[in-house]
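First the structure, in the form of structure tokens, and then the observations on it.
The values are calculated or read from the model by the stated rules, or taken from the named source; none is laboratory data. Computed from a predicted model, the values in this text were never measured in an experiment. Every residue, glycine among them, receives a Cβ derived from its backbone with ideal geometry; neighbour counts consider all protein chains shown. Side chains are part of the model used for accessible areas, which takes the heavy atoms of the whole protein and leaves out ligands, DNA and RNA. Shrake-Rupley method; radii C 1.70, N 1.55, O 1.52, S 1.80 Å.
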Amino acid sequence: MASHGPTGGDAAQCAHCRSNPQWWPLLAAPAAAGPLQLPSRQRRAGPGRCPCRLAGPTPAPAPGRSPPLIPWAYTEALARADHLLDRGELYPARLALQQAAPHQPPHDPLAAAALGWRRARIARRLGDWGALQDELRDLSHTLNDPRLPAPERLQLQARIAILAAWHWYGSLGQPAAALARLEEVPPNALAFDPTLRCDHGNLRGIALRELALAQSDPALAAASLAALGDALRSASLAGLPDALQICAANLAHGIGQLSHAGLLDSAASVQEALRWLLLSDVICTRWQLGRSSLLNTIFLLRLCGLGGLRFAVLRRLAEDAGQPLQADSYAALAAQRWDACRGRQSQIPADQRCAFLLLWARHAAAECDSFSAADLIRQARLQARKLRDPQARQRYLDEADALSPQPQRA
């Protein structure tokens, strides 16, 4: 007797059936399954019909409720803050985020996290550790919001852990605790986010560098450079210019300090460190990044001072890197970089200004310009008194005293 239902072969030919678990036994062995017995309403539809066709048209899914369009004012202020952050203009970036806050979409934990994470980054770069703690507390509340999607929750968890590790390192001066906090970052978050990998590897390398210097441990020194190199690789392959210039500068600083401490083999030298640092400078120039930052110049002056490098050697290395220097001495280079920040010097964190002025004074004194050195030391003392951190304030004041010429006794 002929079957009045479709065979397994009919079902196997239909994409609709392949997506419906009801027909999977047929698809697994269509020949063995034989005729398919359907309800009487479907049998009357005739032989050779596909099961899903016989079941009638599938109702269209109800349209989901799409999220409302993100406010223009919020989007514009956020984009402006990101641009200012890339240029190193931290206080204007903070102001742009304040202007975005009133336009934040209501009941949107992702929008709240976007603002909070940027505010926390600014607080960290300014060394405003109290503000960073406040932002981390708010971000932790956002992390517990049940409306936050799982992938974004994982990413936010990683960002909170990295920023908390920065607090342990930068504010409390505990690199070991910072490393322990970094271990809490979910590996899955790092696997799919190159920016997080850069941030994680960068801080991990810095913390390991401090431990290596404190313990005179070559193994920790090698681990530090490996972490910094991994962060630089992630930034380079992902095409992240701002992260790349930061990683290159920190790698250069690490090589210089660890090499000077005798913790690296002869392959790592001050000149190798300078090549990475000059690469960071070139990237900043091309992309107009970090225009209100003196960190690269601080690293440069410190590296050349540690290595006792003549300025002519630095000038040759800079020309090879495509970043020719227009100055004729270290003090002249420092003056040039300081003038380039004129009008934005108030945007530079006070600890950067202190470190820069004291290094400038050291090189001026080495070049027998005692008058300029004394004036720079005086300016550094003024900047040091503005620091909130009492330990950092005293450290810079002590360094200024050590650089000051001792009064001669009659």
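A few notes on this one:
- FRET E, pair residue 265, residue 315, Förster distance 41 Å, beta-carbon r, rounded to 0.05: 0.90
- Note that region 198-243 presents 39 Å² accessible area per residue, ligands and nucleic acids not counted, probe 1.4 Å.
- Between region 310-327 and region 233-287, the Cα center-to-center distance that results, in Å: 16
- Prolate/oblate/rounded call for region 308-410, Cα gyration tensor, a/c under 1.5 rounded: oblate
- Top positive-direction residue, dipole computed over region 254-329 with Cβ charges, set 323, 303, 271: 323
- Convex hull of alpha carbon positions in region 303-345: directionally averaged projected area 3.5 nm².
- On full extension, the segment bounded by residue 326 and residue 72 gains 87.1 nm, given 0.36 nm per residue less the C-alpha separation.
- Modelled spin labels at residue 134 and residue 344, positioned 7 Å past Cα toward Cβ, are 2.6 nm from each other.
- Residues within the reach of a label modelled at residue 236 (point 7 angstrom out along Cα to beta-carbon, backbone nitrogen below 17 Å), restricted to region 176-203, are 194-195, 197-199, 201-202.
- Average accessible surface for region 321-410: 59 Å² per residue, computed with a 1.4 Å probe over protein heavy atoms with every protein chain in place.
- The protection proxy used here, the mean number of other Cβ atoms lying within 10 Å of each residue, ranks peptides 176-186, 117-127, 203-213 as follows, highest first: 203-213, 117-127, 176-186.
- Separation in nanometres of the label points that stand 7 Å from Cα toward Cβ, at residue 306 and residue 217: 1.9
- For region 285-377, with all protein chains in place and a probe radius of 1.4 Å, 50% of the accessible heavy-atom surface sits on carbon or sulfur.
- Using the Cβ-Cβ distance between residue 287 and residue 183 with R0 set to 22 Å, the FRET efficiency from 1/(1 + (r/R0)^6) comes to roughly 0.10.
- Contour minus Cα-Cα distance for residue 382 and residue 191 (0.36 nm per residue): 64.2 nm
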